[in-house]
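Taking it in order: structure first as structure tokens, then the write-up.
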Amino acid sequence: MSERPLDADVIAMTRAWVANFVVAHDVCPFAGREVRRDSVRYVVAGDAAPERLLHTLIEECQRLDGEPAIETTLVILPEGLADFDDYLDLLGVAEALLEAEGYAGIYQLASFHPDYVFEGVAANDPANYTNRSPWPMWHLLREASVEAAVAGYADPDAIPERNVAVLREMGSAALAEQWAACRRVRASD
């Protein structure tokens, strides 16, 4: 990734990915409701320094504490974490920080990255697209909301298997094109 777009464009790309990929393909069967309710917060962490990124994460936890109308937050990390291994290293620190700050059991952290590869899965396997996004990002979810959503879903354990089957049927080329289309979106569109 060369020069990064403006924050408004980063958010526009991420919104397009959520709507046109996550919701459109039902990758997360709970996302559509929150998109329709406009209860998803998108925030760009504009500093590449790991300590600033972690500070942004805790600020967003505090925001969720004080604003119950926000159901979930996507913390978009467009600077400094293009390398997937570096991203995973900082993700581990972020998870430990949430626990140290007393947020374990209150918020959970889901992870997305443009080069996401599941352990034991080939890099070109379409299954990896379940966690691929236009930018590295952390998804903060309210634990109680996740538990309630899963409790009301007929077979939550089948979600990952269904996603893998659907994405493999679509194929890597089609998925890469959809993902790239999200990267072309701009706030002015």
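The values are calculated or read from the model by the stated rules, or taken from the named source; none is laboratory data. As the structure is a prediction and not an experimental result, all values here were calculated from the model. Cβ placement follows ideal geometry from the backbone for every residue including glycine, while neighbour counts extend to all protein chains displayed.
Scanning the stretch 148-161 for residues that are under 20 Å from residue 35 (Cβ atoms) and free of Cβ contacts under 8 Å to residues at least 60 places away in the same chain yields a count of 4. Within the stretch 107-143, the set of residues being without any contact (Cβ under 8 Å) to a residue 40 or more places away in the chain, in a strand (DSSP E or B) and out of contact with any Leu (no Cβ under 7 Å at 6 or more places or on another chain) comprises 112 only. Scanning for something touching a Lys or Arg at 6+ places or on another chain (Cβ under 7 Å), at pLDDT 95 or above and either under 22 Å from residue 43 (Cβ atoms) or assigned to a helix (DSSP H, G or I) (or both), does the stretch 146-168 turn up at least one residue? No, there is no match, as no residue in the stretch 146-168 is touching a Lys or Arg at 6+ places or on another chain (Cβ under 7 Å), at pLDDT 95 or above and either under 22 Å from residue 43 (Cβ atoms) or assigned to a helix (DSSP H, G or I) (or both). When residue 40 is tested against (1) under 30 Å from residue 174 (Cα atoms); (2) in contact with a Ser or Thr (Cβ under 8 Å, 6 or more places away or on another chain); (3) buried (at least 19 other Cβ atoms within 10 Å of the Cβ), only condition (3) is not met. One residue stands out in the stretch 1-34 among those that are among the charged types (D, E, K, R) and in a loop (DSSP other than H, G, I, E, B): the one that is nearest to residue 160 (Cα to Cα), namely 26. Can you report the number of residues in the stretch 9-21 which are surrounded by fewer than 19 Cβ atoms within 10 Å (Cβ to Cβ) and in contact with a strand residue (DSSP E or B) (Cβ under 9 Å, 6 or more places away or on another chain)? Matching residues across the stretch 9-21 total 1. Of all residues in the stretch 1-59, none satisfies the criterion of being at positive phi and hydroxyl-bearing (Ser, Thr, Tyr).
Looking only at residues in the stretch 43-85 that are among the polar types (S, T, N, Q) and touching a residue at least 24 places away in the same chain (Cβ under 8 Å), the one that is surrounded by the fewest Cβ atoms within 10 Å (Cβ to Cβ) is 72.
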